[in-house]
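First comes the structure, then the notes that go with it.
The values are calculated or read from the model by the stated rules, or taken from the named source; none is laboratory data. No experiment lies behind these values; they were computed from the predicted model shown. Here Cβ is always computed from backbone atoms with ideal geometry, including for glycine, and neighbour counts include all displayed protein chains.
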Amino acid sequence: MKRTECRSAVLSLPGSARRRATSLAALALAAAAYLAASLDVHAAQNPVDDRVLANESDGTNWPSYGRTFSESHFSPLTQIDAHTIPRLGLAWTLDLDVSNSITAPLAMDGVIYLAAGYSIVHAVEATTGKLLWRVDTKAARLAGPRLRSGWGIRGLALWKDKVIVGTQDGRLVALDRATGAERWSAQTTNPDEGLFISGPPRVFKGKVIIGNGGADFAAVRGYVTAYNADTGKQLWRFYIVPGEPGKPDHAASDDVMPRAAKTWTGEWWKYGGGGTVWNAMTYDPELDRVYLGTGNGGPWNWKIRSPGGGDNLFLASVVALDANTGRYVWHYQNTPGDSWDYNSSQDMTLATLTIDGRARKVILHAPKNGFFYVIDRETGKLISAEKLGRVTWAEGVDLKTGRPIEAPDARYRSGTVALYPGFQGGHHWLPQSYSPITGYVYVPYLERGATYSAEGVTAENYKPTPFTGSFTAMGNGDPKVRVMEPSRSVLKAWDPLARRVVWEISTPGVSNGGTLATAGNLVFQGLPDGYLHAYAAYSGRDTWKFFAGVAVTGVPISFSVGDKQYIVITAGPLNGAGGGFGAESAQWGWQARVHPRRLLAFTLDGHAPLPPTPPPARAVPIAAAEFHVDATLATQGARVYGRCGICHGGGVVSGGIAPDLRASGIPLSKESFEQIVGQGALVDRGMPGFPELSASDLEALRHYIRAAANAAK
């Protein structure tokens, strides 16, 4: 009943009944007003729509992964700037009960939304850090073998009154922004395949688009799918690589797939082909297109995937689609015939630049192959491509053809070859940011090489393996790819017009975080040593830093509530690729079962104390003299451990996402080890089961772990 209807009904009553009713009505109205006021604070007041997502000038909210459709990771707020930055302090913290913390928060109407761990969605009051609701999508239990990839979830999407999250088991789930109640759910992948979701969905024009990952771990064929954002009904699907000849795909990509198939040889469809779109997707409201940053080939080795050569469209490419139909418009391939894991799944920032006196609508793109590209987004034509860091696999890019000028034997045809960048890329998934004020793009970069070899591997002796979670892409159970040292991480400011690095800062470790640029002429970035920094946007001068008590390599965002600007970022032990780096990540001393996963918020004149946090400390391997290591079993266990290293770290040295098994008592107990590793007793905590491992495999694995512990002692 409305307030006026309630009052009219009371006035129509006689005498004492009217007085009693008036009193009751007043109480009811007061209660309703209190409830409404309470809900107004936390409920979804303003719908997120295309207008909100396209608004470049209003920094009040951060409603999408890159803040707006342009994916610039730029905030137009100016309260926090070079003059006020010394006053920036901690406003509040919230420790999260999750197993890992890869995520980029969103903020709308004073509420922060984030998915941490395995697609566990949180709503948090932005001014206090109070948890409003928490929804576990049960992805850890439902993912099965797909949980073994070790990634968490990188981000969310908001549309109207809904929060939309992709889950590790391949679902797209829409939740009510006010309550967390499920509104709809769609299974986007075949549960029997190795595909999973780790990237953020994007929304536009009533549609939500999502891709998937998994090409490094199983024989999969990548695709993206658009759904109705209000109902979850599938609208269109675009495949990245061609399927088996003669079998229709019944998808929007059907009419372009015959063209793509001409660039493949052999029987690629038996190996999946790869090309998963696991991160980068950008909507262009000016041209009504969607741009996809596509993944690497599966398997990596060209001798297996496409033995006769070929460009292998549309691997490692930027692909433009009609946003309404999903139909192909154009493509630019960064790395033809990719054989190095140089995927193009990194940010695609939209901008308008004045080039040769003419305004050009462009894409700013720094994929893993080490080049920085400026691409005309109307035509797909290459404007410029220059080396962002150390690049040896190609001498440069021919601007007339758009093709890289490959170095001799870059494809390791005649033995082992050392190349820069390595398979971990120059720029990985952690986002770059672009400031329209400075005109610079701020890119977290890794200067690190790798050796590649196809020795002894042919299509005849390669057998695709069921999805295990181990890197089997380069050879028959042996990756035949090795990291080269030394290596370093760098924050680079790139001028896309001058085509050069303006400034760069060497950063510690090999897991530098994503960047945020602001109109206050600052660039924020967190690092694995536990410090969040603010750098001067023009010069790179380090103007401010804060110790977060744990690695702070999340994705920073900024927004305002009332008259306060906030900087918010997630922190926690290193995970994802960083968690698998072993000793390089373990050097910081962040341990999976010791240190928190944490959300931090900063404002000017913030004085909140950092919660008590254990100091960094490396895991101490257990000395167990009663366990007698069998050297033969340990050698066998080293091969089995290939599926464990992505979480528990190379060489059984954990970088943070999962416990250091050398310091765990579980491998000392045959029964406990079998229950956890073989049967999945801890799946809800992010530890999947491996039922395909035999009793002898498990025993060999135990001996390998204990051998590593003994070697450390």
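Would you pick out the residues in the range 257-284 that are surrounded by 17 or more Cβ atoms within 10 Å (Cβ to Cβ) and closer than 23 Å to residue 377 by Cα? Break it down stepwise before answering.
Let us first name the residues in the range 257-284 that are surrounded by 17 or more Cβ atoms within 10 Å (Cβ to Cβ), namely 257, 260-261, 263-264, 266, 268-269, 271-284.
257, 260, 275, 276, 277, 278, 279, 280, 281, 282, 283, 284, listed by residue number.
State whether one or more residues within the range 553-563 are touching a residue at least 12 places away in the same chain (Cβ under 8 Å), aromatic (Phe, Trp, Tyr) and part of a strand (DSSP E or B).
Yes, there is a match, as at least one residue in the range 553-563 is touching a residue at least 12 places away in the same chain (Cβ under 8 Å), aromatic (Phe, Trp, Tyr) and part of a strand (DSSP E or B).
Given 673, 627, which one is of a type in the set (Phe, Trp, Tyr), assigned to a helix (DSSP H, G or I) and in contact with a Leu (Cβ under 7 Å, 6 or more places away or on another chain)? Before the answer, list the steps.
Values: 627 fails: assigned to a helix (DSSP H, G or I).
Exactly one residue qualifies, and that residue is 673.
Please identify the pairs in which a residue from the range 597-620 that is part of a loop (DSSP other than H, G, I, E, B) has its Cβ atom under 8 Å from the Cβ atom of a residue that is among the acidic types (Asp, Glu), counting only partners at least 6 apart or on another chain.
611/95; 619/660
Among the residues of the range 608-620, are any surrounded by 21 or more Cβ atoms within 10 Å (Cβ to Cβ) and not aliphatic (A, V, I, L, M)? Write out each step before concluding.
From the range 608-620, those surrounded by 21 or more Cβ atoms within 10 Å (Cβ to Cβ) are 619; that's our starting set.
This time we only want the ones that are not aliphatic (A, V, I, L, M), so: none.
Checked the range 608-620: no residue is surrounded by 21 or more Cβ atoms within 10 Å (Cβ to Cβ) and not aliphatic (A, V, I, L, M).
Matching residues to (1) closer than 30 Å to residue 169 by Cβ; (2) at pLDDT 95 or above; (3) not aliphatic (A, V, I, L, M):
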{"site": "572", "(1), (2), (3)": "yes, no, yes"}
{"site": "579", "(1), (2), (3)": "yes, no, yes"}
{"site": "584", "(1), (2), (3)": "no, no, yes"}
{"site": "595", "(1), (2), (3)": "yes, no, yes"}
{"site": "600", "(1), (2), (3)": "yes, yes, no"}
{"site": "655", "(1), (2), (3)": "yes, no, yes"}
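Show the residue pairs that are 6+ apart or on different chains and have beta-carbon atoms under 7 Å apart, the first residue being within the range 344-373 and closer than 16 Å to residue 319 by Cα, the second being modelled with pLDDT under 95 and not in a loop (DSSP other than H, G, I, E, B).
none
For residue 660, state whether it is acidic (Asp, Glu), touching a helix residue (DSSP H, G or I) at 6+ places or on another chain (Cβ under 8 Å) and within 30 Å of residue 136 (Cβ to Cβ). Lay out the reasoning, then the answer.
Values: acidic (Asp, Glu): yes; touching a helix residue (DSSP H, G or I) at 6+ places or on another chain (Cβ under 8 Å): yes; within 30 Å of residue 136 (Cβ to Cβ): yes.
Yes; evaluated as a whole, the condition is true for this residue.
Identify, please: which residue in the range 658-695 is β-branched (Val, Ile, Thr) and in contact (Cβ under 8 Å) with a residue 24 or more places away in the chain and is, among those, nearest to residue 708 (Cα to Cα)? Give the derivation first.
First pass over the range 658-695, keeping only residues β-branched (Val, Ile, Thr): 666, 676-677, 683.
From what's left, in contact (Cβ under 8 Å) with a residue 24 or more places away in the chain: 677, 683.
Details: 677: 18, 683: 25 Å.
Taking the candidates together, the pick is 677.
Looking at the structure I just gave you, is residue 229 of a type in the set (Gly, Ala, Ser), out of contact with any Ser or Thr (no Cβ under 9 Å at 6 or more places or on another chain) and buried (at least 18 other Cβ atoms within 10 Å of the Cβ)? Before you say what the answer is, go through the steps one by one.
Values: of a type in the set (Gly, Ala, Ser): yes; out of contact with any Ser or Thr (no Cβ under 9 Å at 6 or more places or on another chain): yes; buried (at least 18 other Cβ atoms within 10 Å of the Cβ): yes.
Considered against the rule, which asks whether it is of a type in the set (Gly, Ala, Ser), out of contact with any Ser or Thr (no Cβ under 9 Å at 6 or more places or on another chain) and buried (at least 18 other Cβ atoms within 10 Å of the Cβ), residue 229 comes out as yes.
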